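The values are calculated or read from the model by the stated rules, or taken from the named source; none is laboratory data. Computed from a predicted structure; not experimentally measured. Reconstructed Cβ throughout: ideal geometry from the backbone, glycine too, with neighbour counts over all protein chains shown.
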Amino acid sequence: MATEQETDRGRFTITQSQRDRIARFVRKFRSNTKAMLGFSIVVLLVLVAIFAPIIAPYPIDATNIEDRSQAPSVEHPFGTDDLGRDIFSRVVMGSRISLYVGFGAISGALAVGAVVGVVAGYAGGLTDEILMRVMDAAMAFPPVLLALTLLVVLGPELSNVVIALAFVYTPYIARVSRSAALAERNEAYVEAAVARGESDSRIVFSEVFPNCMAPMLVQGSLNVSFAILAEASLSFLGLGAQPPRPSWGLMINTGRGFMETAPWMLLFPALAIGIAVVGFNMLGDGLRDVLDPKVEAIE
Amino acid sequence: MQENGKGSDSSDSTGDGTRRSRFDRRTFLGAAATTGAVALAGCTGGGSDDSTTEDSGSSGGSDDTESTDTTAASGGKQGGTLQWGGAVPVQGLDPHIDTSAASKRVLENIYEEVVALQDDYSIQPHLAESMEQSDDNTVLTFNLREGVTFHNGKEMTSEDVLASYERVQNGDYLATGFFDYVEELRAPDDYTFEVQLTEPFAPFLAKMATAELSVMPAENAEKDMVEEPIGTGPYVFESREIETSFTMSRNEDYWGASDEDGPFIDTIVKSEVPDPSVRLQSFLAGEYDFINGIAPKDVSRVEQAPDVRFEKQFPKSLVYLGLNCDVAPFDNKDARLALDYTIDKEKVAEAALYGTGQTTASPATPGSPWVNPDIEPRPRDLDKAQEHLDAAGMSDGFTATFKIPQSYPTQVQAAEVIAADAAEVGINLEIQQITWSTWLSDVYSNRDFQATTSSYLALWYPDVSFYKFLHPNGAFFFTNWVNEDYNALVEEARTIYDEQERAELYHQATEILHEDRAGHLFLWWQPSLYGAASQYKGDIGAPDGSTLQFGDNWLDR
């Protein structure tokens, strides 16, 4: 009983201060052009992905040999590919794959990496050493190379791409979470919690964890863009999404062979990747600016 | 079937100096029957040659054989260096071991065989001046040429031929299985070589014309693997850098050298340029005199380019859809038929080949007598597909993985069209792109697949088409389709030398393939596509369509 009440009270007070914080965050976020631009792009992408079946005028796998390799026109704003499929429809539907992999992989990486990092940071000592050396080992391999190796083992499938990229990006998240947790560990509220006699796990997950969220979010949104790029690279190499799925990377791979005769096959999926990557990067950068306490101090 | 030996005399006098020696026409008929295709059109050209004239650029047809002779006679210029932009890097250099077409494209110029395939698909003596077959077709006697020297300066004798053949017989090489039918190999004197068969076995002579039985010096034949090829051919191996380049030079002492037939070009440098776009770009920019492996989609660009020869040699290879008949769902004949009826073969071939290929329902070379003229690919018919799905107890369709070797863009394109077509009746083919080495290990060796695509090269003799990959004992069998009636037919066909009789058996076999929907669902025949600078003269290609012979080519500059 007593614990429950305490929890309720604790939550209430946090909510009060959180409101202030959120309001401040929103204000700063909105005044930051980079963050807003990135945010708009990401929102646009998400909307496109959600409504893709409505937006796309043609089915993505409807081949039509007579209309192959057509230049952009009114019927086919982005032209058609080597099998006569509408590239606009495929690019639009392709956003789902990119976002699925981007968000899927980074959610996975966040789930594992954040826990590992915060625990390591808070616990310190041997636990920290062991956890972080394992992470360092995983980090020693170039991300795409490691994902490639994993995919060779797991088999070339989109769900495996998510798993492989989640694995690859976990140490990056873990590192950031650890340094955040290290900084938080000596804060007064942690000492207070210890003094209150709270258990370690409670301190880690209820006290320290929420306060490390900001840098994780920044790292996460930056990594989403890397994951999107990585998926494109893997699909380009034939190890990611399989035809006829309209992965942007796969489309670029096919389009490469038609660079001279049908450049639109390469151009539009490449543009799409570029926009998505820039969007998530700007959002991540903007978030960092907004959330960084040092910037706040200057302000 | 024929009396023998008379022809050998006449060939003595004309043999030297020309690579196309004449010999007893009756012996030739025997040879022709073993090899397939339109052999009866004869050794001097003329006659009809349906298999090649229509589609085959300037090489292949028997008329072309004659025209080659005239152009060459008007003067091939000696010298120069041919810069060749090659599609697939040269693999191993041991002709008895290496299956890759890329290796054969160079080795065909370095090594030679006792007999050789001609443009009309007939087989004629090559390193032999003449050959004879006994009446019961069990003894093959070859009178070897005198004065043929290997690249190391040694003269070729029957000892070398015997050693080369014994190497294959006693080892584990590509052609080793064919020696099950060999009772004895003999070299009674320096220039006579005999093969004693246990029973009439028509494919043996055809096999002798392939690199799998090329002649090497006896001391090389003792090695398990030859890394520095030494042959008798018009070109001498110089050097190679793996995955980078391969160089060979003119054999100054070539036994068959002549002003008409060359060899003319001093040095041939093959640069390995696996990326088709890069290869084509460099070629059009003038970096190479010659490239092979032009992608069908780029044909129009090559045709339109100024000062460039575009050459098409048809057919090169057969592309098929492979269905594993040992595992669900394709262990069910109705499931196979249902899939067959969903595929629009013309559309698939057009999608992948841009009009350069031809659909087929037979594994035999188009235009050859082995093709059953009454059997056509099944037309797309979704009602029938549904009927067969119902019969298979899979009315809602089924799902199968579809493993495609990603290094063959035409097959990936085809797979996408096939998958889209099949999806309309609920057959869900999930494409999985795999590397070539994965294909070889998973699909081919372990037979771990449901559906796949692949291709076969050089099917100019029917035993390959019908036995090698469709009979359970065939070297390339992997789709697990077994039909005893079919097996009996193709086994019998191996022992028959009469063309008509043999063709009849293959026609029946084709019918079974079709009716029982064998694990090989043939998609199309495709050509070799070459581009050459206008100064590059002479016929490009070799009779079997997938390799290259540079002997009578020359550079006009």
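Summary table below
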quantity: Test: residue in region A:82-89 that is part of a helix (DSSP H, G or I) and acidic (Asp, Glu); calculated: no
quantity: Every residue from region B:221-238 that is surrounded by fewer than 21 Cβ atoms within 10 Å (Cβ to Cβ) and at pLDDT 95 or above; calculated: B:230, B:238
quantity: From A:176, A:153, A:161, residue being within 14 Å of chain B (Cβ to nearest Cβ), assigned to a helix (DSSP H, G or I) and in contact with a helix residue (DSSP H, G or I) (Cβ under 8 Å, 6 or more places away or on another chain); calculated: A:161
quantity: Output for region A:44-72, where each listed residue is at the interface with chain B (Cβ under 10 Å from one of its Cβ atoms), outside any loop (DSSP other than H, G, I, E, B) and of a type in the set (Val, Ile, Thr); calculated: A:65
quantity: Test: residue in region B:140-149 that is within 18 Å of residue B:223 (Cα to Cα) and within 26 Å of the chain's Cα centre (by Cα); calculated: no
quantity: Options B:312, B:345; residue that is under 30 Å from residue B:392 (Cβ atoms) and out of contact with any helix residue (DSSP H, G or I) (no Cβ under 6 Å at 6 or more places or on another chain); calculated: B:345
quantity: Residue satisfying condition, being away from chain B (no Cβ under 14 Å), of a type outside the set (Asp, Glu) and surrounded by fewer than 17 Cβ atoms within 10 Å (Cβ to Cβ), within set A:221, A:206, A:225; calculated: A:206
quantity: The listed residue being over 25 Å from residue B:300 (Cβ atoms) and within 14 Å of chain A (Cβ to nearest Cβ), out of B:383, B:396, B:421, B:390; calculated: B:421
quantity: Boolean, residue B:470 is crowded, with 22+ Cβ neighbours inside 10 Å and closer than 20 Å to residue B:176 by Cα; calculated: yes
quantity: Boolean, residue B:268 is β-branched (Val, Ile, Thr), in contact with a helix residue (DSSP H, G or I) (Cβ under 9 Å, 6 or more places away or on another chain) and not in a loop (DSSP other than H, G, I, E, B); calculated: yes
quantity: Within region B:294-368, helices (runs of 4 or more DSSP H) holding 1 or more residues that are within 26 Å of residue B:464 (Cβ to Cβ); calculated: B:333-342, B:345-353
quantity: Subset of region A:231-280 (residues that are part of a loop (DSSP other than H, G, I, E, B), closer than 25 Å to residue A:142 by Cα and either more than 12 Å from chain B (Cβ to nearest Cβ) or out of contact with any strand residue (DSSP E or B) (no Cβ under 7 Å at 6 or more places or on another chain) (or both)); calculated: A:237, A:239, A:240, A:241, A:247
quantity: Hey, residue B:262 at positive phi and either outside the structural domain of residue B:365 (by TED's automatic domain parsing) or hydroxyl-bearing (Ser, Thr, Tyr) (or both) or not; calculated: yes
quantity: Residue that is assigned to a helix (DSSP H, G or I), away from every other protein chain (no Cβ under 14 Å), in contact (Cβ under 8 Å) with a residue 12 or more places away in the chain and surrounded by fewer than 19 Cβ atoms within 10 Å (Cβ to Cβ), where the choices are A:92, A:119, A:112; calculated: A:112
quantity: Residue ID - farthest from residue B:514 (Cα to Cα), chosen from residues in region B:320-355 that are within 14 Å of another protein chain (Cβ to nearest Cβ) and not hydrophobic (A, V, I, L, M, F, W, C); calculated: B:354
quantity: Qualifying residue in region B:426-436 (condition: within 12 Å of another protein chain (Cβ to nearest Cβ) and either under 21 Å from the mean Cα position of the chain (by Cα) or under 22 Å from residue B:178 (Cβ atoms) (or both)); calculated: yes
quantity: Any pair with Cβ under 6 angstrom, 6 or more apart, that starts in region B:267-287 at a residue that is within 13 Å of chain A (Cβ to nearest Cβ) and ends at one that is in a helix (DSSP H, G or I) and not basic (Lys, Arg); calculated: B:280/B:298
quantity: Search result, residues across region B:373-391 that are surrounded by fewer than 20 Cβ atoms within 10 Å (Cβ to Cβ), outside any helix (DSSP H, G or I) and not charged (D, E, K, R); calculated: B:373, B:375, B:379
quantity: Some residue of region B:393-402 being free of Cβ contacts under 8 Å to residues at least 60 places away in the same chain, of a type in the set (A, V, I, L, M, F, W, C) and not in a helix (DSSP H, G or I); calculated: yes
quantity: Any hit, region A:155-167, residues being farther than 28 Å from residue B:431 by Cα, exposed (fewer than 15 other Cβ atoms within 10 Å of the Cβ) and not hydroxyl-bearing (Ser, Thr, Tyr); calculated: no
quantity: Hits in region B:281-323 - residues which are among the polar types (S, T, N, Q) and surrounded by 23 or more Cβ atoms within 10 Å (Cβ to Cβ); calculated: B:292, B:313
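Residues are listed down the side, and each one gets a yes or a no for (1) within 27 Å of residue A:280 (Cβ to Cβ); (2) modelled with pLDDT under 95:
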{"site": "A:35", "(1), (2)": "yes, yes"}
{"site": "A:48", "(1), (2)": "yes, no"}
{"site": "A:63", "(1), (2)": "no, yes"}
{"site": "A:67", "(1), (2)": "no, yes"}
{"site": "A:70", "(1), (2)": "no, yes"}
{"site": "A:75", "(1), (2)": "no, yes"}
{"site": "A:94", "(1), (2)": "yes, no"}
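Condition check ((1) surrounded by fewer than 24 Cβ atoms within 10 Å (Cβ to Cβ); (2) under 19 Å from residue B:228 (Cβ atoms); (3) modelled with pLDDT of 95 or more) across all residues:
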| site | (1), (2), (3) |
| --- | --- |
| B:113 | no, no, yes |
| B:122 | no, no, no |
| B:128 | no, no, yes |
| B:133 | no, no, no |
| B:161 | no, no, yes |
| B:165 | yes, no, yes |
| B:180 | yes, no, no |
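Here is a yes/no grid of residues against (1) assigned to a strand (DSSP E or B); (2) touching a Pro at 6+ places or on another chain (Cβ under 9 Å); (3) not assigned by TED's automatic domain parsing to the domain that holds residue B:475:
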residue: B:146; (1), (2), (3): no, no, yes
residue: B:160; (1), (2), (3): no, yes, yes
residue: B:164; (1), (2), (3): no, yes, yes
residue: B:169; (1), (2), (3): no, no, yes
residue: B:179; (1), (2), (3): no, no, yes
residue: B:193; (1), (2), (3): yes, no, yes
residue: B:199; (1), (2), (3): no, no, yes
residue: B:219; (1), (2), (3): no, no, yes
